[in-house]
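Worksheet for the structure shown next.
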Amino acid sequence: MRAASINIDDSVLVQQSQAGDTPSMERLILKYQHRIYNVILKMCGNTDDAAELTQETFVKVIESIEKFKGRSSFYTWLFRIAVNLTLNHCQRSARTATCSLDAEGTDPDGETSQLLRDVLSDDRVADPAVLAQSHELCALAKQALLELEEPQRAVVILRDIEGMDYAQIADVLNIELGTVRSRLSRARSHLREVLENMLK
Amino acid sequence: MKPNPNLDELLSSFMDDQLSPRQRTEVQRLAAHDPQVARRLRQLQNCRTLFNSLPAAKAPSDLLEQIKASLERHTLLQEQPTAGGRSFGAWQLAFRRFVSAAAVIALVGVLGMVVYQIVSPIPPGGVGSRVAQGPSSPAQLGPMTATPILVADAGFTGRLELRTAKLVQVDTFLGRTIENSGLSSRVESTVSGNQRVYRIAGTRASVNRLVASLSGLWQNFDSAALQVDRSEGSAAPVLVEAITPEQTASIVAQGSTKASLDTAANYAIMNHMAKNMPGNEIRPLIQTDSGSLFAAANLPQPRETGPDNTGNPKSEIRNPKSKEAQDKALVNLTIVLLNSR
């Protein structure tokens with residue numbers, strides 16, 4: 001689980017940041033910038049928007065750090081800001097469906113089709129290392145993510161890409177644990193259908 | 001296998017280790033005994049593996065700098081539209097408007113004073129009480145009791161007040177000059193303590209020569225002021241403060257009372273401006289013969305009068321056509337010497 005070791009020094013850095021220590025805030029930014037950007041990019045599908053939303057997220061964090069009371073972890077508070085900004089952006093913008101990721105094409109070539117069949121196969125277990133090496137398959141997977149509705153997309157990204165547990169997802173999205181469970185299940189089922197449709 | 005939402009949710013939670021031990025055992029038992037459940041579980045696991053293996057994107061390398069720049073913009077934007085900022089700006093604007101209005105009012109006031117000093121009646125203290133230069137006060141002058149002997153029809157009637165610390169020397173020089181000008185018979189003089197009064201009634205040319213001859217004496221005067229009376233008895237005279245000998249000669253040399261009054265009024269304004277200008281920038285120009293405000297204002301330049309080598313008078317009367325008549329016009333000039341000590 002990627003999120004297992006992320007809270008080690010956060011509370012100290014947050015306290016120092018609240019006291020006006022700029023280097024501590026910079027350390028928090030440097031620590032989380034790539035993960036925030038990755039989640040936002042997977043959600044919005046556009047690199048420019050992702051960079052802008054990441055920047056906006058941290059600006060908002062800096063401006064609001066004094067109001068952070070520590071009722072939740074800094075990690076979930078940070079991602080809540082990022083996801084809310086991104087969801088609002090996706091709702092406002094129609095670019096999500098026509099983003100740069102789908103420009104890479106949805107018709108897989110022979111090798112990619114075979115890899116995708118392996119993923120969808122029910123008689124073998126996919127090798128993550130092999131999957132990660134296929135840029136085209138990754139592009140298809142990202143495209144499939146964008147086919148989901150935003151609430152489902154957010155929950156599957158936070159779980160399967162960022163690696164949050166259900167409680168953290170519930171905290172970030174401000175929803176019940178049961179909702180996380182059911183929404184995640186539907187998102188995964190939907191993703192499989194999208195990928196199957198790509199092979200047809 | 002047709003997707004079963006309840007089964008998928010159970011399998012999804014099983015993959016994420018979100019089930020209780022009892023539920024987990026139940027799922028394992030189902031998958032072991034039902035191949036369809038096992039295949040569905042494998043499908044979902046492979047799908048999750050695909051998304052889990054997606055390469056993580058990295059944020060732009062200059063993100064931190066971008067954040068700092070964005071924060072600076074935010075700070076600037078927040079400084080401008082805040083309520084306090086607006087009210088302070090409005091206050092500043094109001095203050096600027098107030099200062100501008102005050103400056104305009106002050107300017108109008110100064111101009112009004114200039115106009116008033118030009119057209120206002122002479123105060124009881126006499127001309128000298130308005131002379132800016134010199135340490136004297138109106139009380140030292142006493143009331144102006146001297147009146148012109150003769151009122152010219154088309155000439156000039158005025159009173160020249162000169163303050164000097166060398167009253168005796170100046171008085172001696174003036175008396176001699178009057179005598180040399182051939183005006184002795186036309187002069188009444190009175191002496192009273194610190195004051196010498198010469199009432200001169202002569203032709204314009206002779207009075208003009210007298211005034212011109214006083215130019216070398218001017219440096220001994222602490223102040224000099226000329227009051228030009230109007231022909232209408234009730235109208236206020238024109239007062240020219242800090243007058244120079246050239247200005248006096250120029251006023252005297254005018255062909256009519258109106259022309260003398262107009263010239264005197266121009267000099268009054270000019271001298272007043274010079275007195276009130278910071279550093280008296282104008283004054284040197286006034287006191288210079290060439291390239292001065294005389295030329296700029298197109299005012300008449302005084303010229304020294306007196307016979308030239310050919311025996312003809314050198315003095316220039318402004319209208320050559322009526323030169324003879326103007327020379328003969330009677331001029332009344334009262335010269336008052338005051339002790340400035």
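Before moving on, here are some points about what is shown:
- Among (1) open to solvent by 30 Å² or more (accessible area, probe 1.4 Å); (2) within 18 Å of the chain's Cα centre (by Cα); (3) farther than 19 Å from A:ARG188 by Cβ; (4) at pLDDT 85 or above, the one test that A:LEU85 misses: (1)
- When restricted to residues that are at the interface with chain B (Cβ under 10 Å from one of its Cβ atoms) and open to solvent by less than 70 Å² (accessible area, probe 1.4 Å), the range A:171-180 contains 2.
- A:LYS31 vs. criteria assigned to a helix (DSSP H, G or I), open to solvent by 10 Å² or more (accessible area, probe 1.4 Å) and either facing another protein chain (nearest Cβ under 9 Å) or closer than 20 Å to A:ASP171 by Cα (or both): no
- Set B:ARG29, B:ARG24, B:ARG48: member being assigned to a helix (DSSP H, G or I) and buried (at least 16 other Cβ atoms within 10 Å of the Cβ): B:ARG48
- Of the residues making up the range B:179-221, those that are assigned to a strand (DSSP E or B) and open to solvent by 60 Å² or more (accessible area, probe 1.4 Å) number 5.
- When every residue of the range B:53-62 is checked against the conditions, none turns out to be in a helix (DSSP H, G or I) and either at pLDDT 90 or above or at the interface with chain A (Cβ under 7 Å from one of its Cβ atoms) (or both).
The values are calculated or read from the model by the stated rules, or taken from the named source; none is laboratory data. Just so it is clear, the structure is predicted and the values come from calculations on it, not from any experiment. Neighbour counts are summed over all protein chains in view; Cβ atoms, including those assigned to glycine, are modelled from backbone coordinates with ideal geometry. Surface accessibility is based on the protein's heavy atoms, side chains included, excluding ligands, DNA and RNA. Shrake-Rupley method; radii C 1.70, N 1.55, O 1.52, S 1.80 Å.
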